[in-house]
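The block underneath contains the structure these notes are about, expressed in structure tokens.
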Amino acid sequence: LPGAAPAGLGPLNEIEFRTLRLLVEDSRISAAQVARELDVSRSTAYRTIQSLLESGAVRPRVEIEPAVLGFPITALFTLEVQPRHIPAALTALGEHSCARFTVMTAGPASILHHGVFTDEDHLSRFVTDDLGTLPGLNGLNTLIALSVLRRQWIDRDDDLLLGPRAHDILSPVHG
């Protein structure tokens, strides 16, 4: 399933989990630094980092504030689309230049789309020219974000990754 854990990825062992925590704190940490922090050999630290990357447990990426790129308006859309038209709508929305997050959902709306826009005219054209031409569209709700407090597990006010809930999110699960 999209969004699910990569196939073959099981629970992290203690070294993997502790390495993950270090990567969360500093994604540019070196294997030598990981080795020192965890009191393991440099080769163990390197292999652990590579294993986390290759397994898909860790996917590095850069988070860019949309406003600095000229996209100060953030909008969320819920779309009610006839089931047979959902795949085409997902493809069209996912490929759109405004797209930041597009998913199929279960519930009253079949698609959730998060987009960023340069100004009100850009948003208006998206609604009329792009959403308005989607086949099978039965309903649409538009929400404009007025204040973004958290994005990608990063608190927006102080850029603190995971904020105070880090322990809750990254605590190892013991069965």
Which of (1) assigned to a helix (DSSP H, G or I); (2) touching a residue at least 40 places away in the same chain (Cβ under 8 Å); (3) open to solvent by 40 Å² or more (accessible area, probe 1.4 Å) does Ala67 not meet, given it meets every other one?
-> (2)
Return the pairs, sorted by first residue and then second, in which the second residue is open to solvent by 60 Å² or more (accessible area, probe 1.4 Å) and among the charged types (D, E, K, R), the first residue lies in segment 123-140 and is within 12 Å of Phe77 (Cα to Cα), the beta carbons are less than 8 Å apart, and the residues are 6+ apart or on different chains.
-> Gly139/Glu80; Leu140/Glu80
Flagged in segment 41-55 as part of a helix (DSSP H, G or I) and of a type outside the set (A, V, I, L, M), in numbering order, are Arg42, Ser43, Thr44, Tyr46, Arg47, Thr48, Gln50, Ser51, Glu54, Ser55
Residues of segment 104-115 satisfying the condition of being out of contact with any Pro (no Cβ under 8 Å at 6 or more places or on another chain) and modelled with pLDDT of 95 or more | Met104, Thr105, Ala109, Ile111, Leu112, His113, His114, Gly115
When only residues in segment 49-85 that are among the β-branched types (Val, Ile, Thr) and touching a strand residue (DSSP E or B) at 6+ places or on another chain (Cβ under 9 Å) count, which is farthest from Thr19 (Cα to Cα)?
-> Val81
Please verify whether segment 74-91 includes one or more residues that are open to solvent by 40 Å² or more (accessible area, probe 1.4 Å) and within 16 Å of the chain's Cα centre (by Cα).
-> yes
Unique match (being modelled with pLDDT under 90, surrounded by fewer than 12 Cβ atoms within 10 Å (Cβ to Cβ) and either out of contact with any Lys or Arg (no Cβ under 9 Å at 6 or more places or on another chain) or in a helix (DSSP H, G or I) (or both)) among Leu1, Leu9 = Leu1
Looking at segment 92-130, which of the residues that are under 23 Å from the mean Cα position of the chain (by Cα) and among the charged types (D, E, K, R) is nearest to Ile64 (Cα to Cα)?
-> Arg100
Only residues that are open to solvent by 60 Å² or more (accessible area, probe 1.4 Å) and not charged (D, E, K, R): list them for segment 51-64, please.
-> Leu53, Pro60, Val62, Ile64
Applying the selection to segment 25-50, what residues are surrounded by fewer than 16 Cβ atoms within 10 Å (Cβ to Cβ), of a type in the set (Ser, Thr, Tyr) and within 29 Å of Arg151 (Cβ to Cβ)?
-> Ser27, Ser30
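The values are calculated or read from the model by the stated rules, or taken from the named source; none is laboratory data. Nothing here was measured: the structure is a model prediction, and the numbers come from that model. So basically every Cβ, Gly included, is an ideal-geometry build from the backbone, and we count neighbours across all protein chains shown. For accessibility, only protein heavy atoms count, side chains too; no ligands or nucleic acids. Shrake-Rupley method; radii C 1.70, N 1.55, O 1.52, S 1.80 Å.
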